[in-house]
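Quick notes on the structure that follows.
The values are calculated or read from the model by the stated rules, or taken from the named source; none is laboratory data. Given the structure is predicted, the values throughout are model-derived calculations rather than measurements. Note: ideal-geometry Cβ built from the backbone for every residue, glycine included; neighbour counts use all protein chains shown.
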């Protein structure tokens, strides 16, 4: 009887401890969620404040009693934001498609093919990650200018079709595929490219989806390179449009209209991530697991 009573006390204490830990965990997660989501709330709130109301606030207010959608209309009428969105979509889709083809072939070569100096070449290849982005941008700018590709989609896309990190991530994923599958395919007379498309790519689909989403987000948020390489409105991306809206504030910065444009631009990325979030997590975890 005594043993049962002691066991009940221990079990009750364990349940209490579990509830306390769970409560603390959820409180901390809730606090962190507020910190993470507050910038999005502030962005949406600012986008529905009128231009005059926003500029009259000496102390920022965390709510508004007179929301307006005029800023969203201004975002599309102040600059051709729709055209910039179309340019950005074209830039993101073409860049991502070309990059996937390049990195898939490169990762397959490093992961499966045998050639002299492969390991040394891969180490040198990885060392490119140590080069500061500023130096790469300067080199790319000089190269694209010398090739007379400024103010063109080719000039925008070409420097972005390769990623050392994505090659490394995909190579690690390819190397997790058992060698027995490759040898069996070779016995059946399967070529390397056919093995790549029929076996390796389907198995590595989560990682490829992850890379695709991350690259689309990277292209969508690209700012420095489009601002540097284009000064023709026909090739402006959304980053150029946001800056124009910000500067067109009748003597002051038009922050509400700019925030409205940012909301419009952010929605496709948020929807894309929510749809494929499980694939992204799965792809990242598989890429970081060896064996």
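Of all residues in the range 172-182 being in contact (Cβ under 8 Å) with a residue 12 or more places away in the chain and within 23 Å of residue 211 (Cα to Cα), which is surrounded by the most Cβ atoms within 10 Å (Cβ to Cβ)?
Top of the filtered list is 173.
Give me the residue from the range 77-88 that is in a helix (DSSP H, G or I) and surrounded by fewer than 19 Cβ atoms within 10 Å (Cβ to Cβ) and, out of that set, nearest to the chain's Cα centre (by Cα).
86
Starting from residues that are in contact with a helix residue (DSSP H, G or I) (Cβ under 6 Å, 6 or more places away or on another chain) and farther than 18 Å from residue 167 by Cβ, keep the ones in the range 204-227 and report whichever is surrounded by the fewest Cβ atoms within 10 Å (Cβ to Cβ).
223
So for the range 183-203 (the condition being touching a helix residue (DSSP H, G or I) at 6+ places or on another chain (Cβ under 6 Å), in contact (Cβ under 8 Å) with a residue 12 or more places away in the chain, surrounded by 14 or more Cβ atoms within 10 Å (Cβ to Cβ) and closer than 22 Å to residue 261 by Cβ), does at least one residue qualify?
The answer is no; no qualifying residue exists.
Scanning for something within 19 Å of the chain's Cα centre (by Cα) and within 30 Å of residue 171 (Cβ to Cβ), does the range 226-237 turn up at least one residue?
yes
Checking residue 74 against (1) modelled with pLDDT under 90; (2) in the same structural domain as residue 165 (by TED's automatic domain parsing); (3) in a helix (DSSP H, G or I), which test does it fail?
The single condition residue 74 does not satisfy is (2).
Please work out if residue 56 is modelled with pLDDT under 90 and touching a helix residue (DSSP H, G or I) at 6+ places or on another chain (Cβ under 9 Å).
The answer is no for residue 56.
Examine the range 228-239 for a residue that is in a helix (DSSP H, G or I) and at pLDDT below 85, and state whether such a residue exists. Working first, answer last.
Initially, the range 228-239 is screened for residues in a helix (DSSP H, G or I), giving 228-229, 233-235, 238-239.
Filter again for at pLDDT below 85, leaving 233, 239.
Checking the range 228-239: at least one residue is in a helix (DSSP H, G or I) and at pLDDT below 85.
Would you check if there is a residue in the range 44-51 being over 31 Å from the mean Cα position of the chain (by Cα) and at negative phi?
Looking only at the range 44-51, we keep the residues that are over 31 Å from the mean Cα position of the chain (by Cα), and these are 50-51.
Filter again for at negative phi, leaving 50-51.
So far as the range 44-51 goes, yes, one or more of its residues are over 31 Å from the mean Cα position of the chain (by Cα) and at negative phi.
If the requirement is being crowded, with 16+ Cβ neighbours inside 10 Å and either assigned by TED's automatic domain parsing to the domain that holds residue 269 or assigned to a helix (DSSP H, G or I) (or both), which of these qualifies: 115, 38, 91?
Just a single option satisfies the conditions, and that option is 91.
Within the range 9-29, is even one residue within 22 Å of the chain's Cα centre (by Cα) and in a helix (DSSP H, G or I)?
There is no residue in the range 9-29 that is within 22 Å of the chain's Cα centre (by Cα) and in a helix (DSSP H, G or I).
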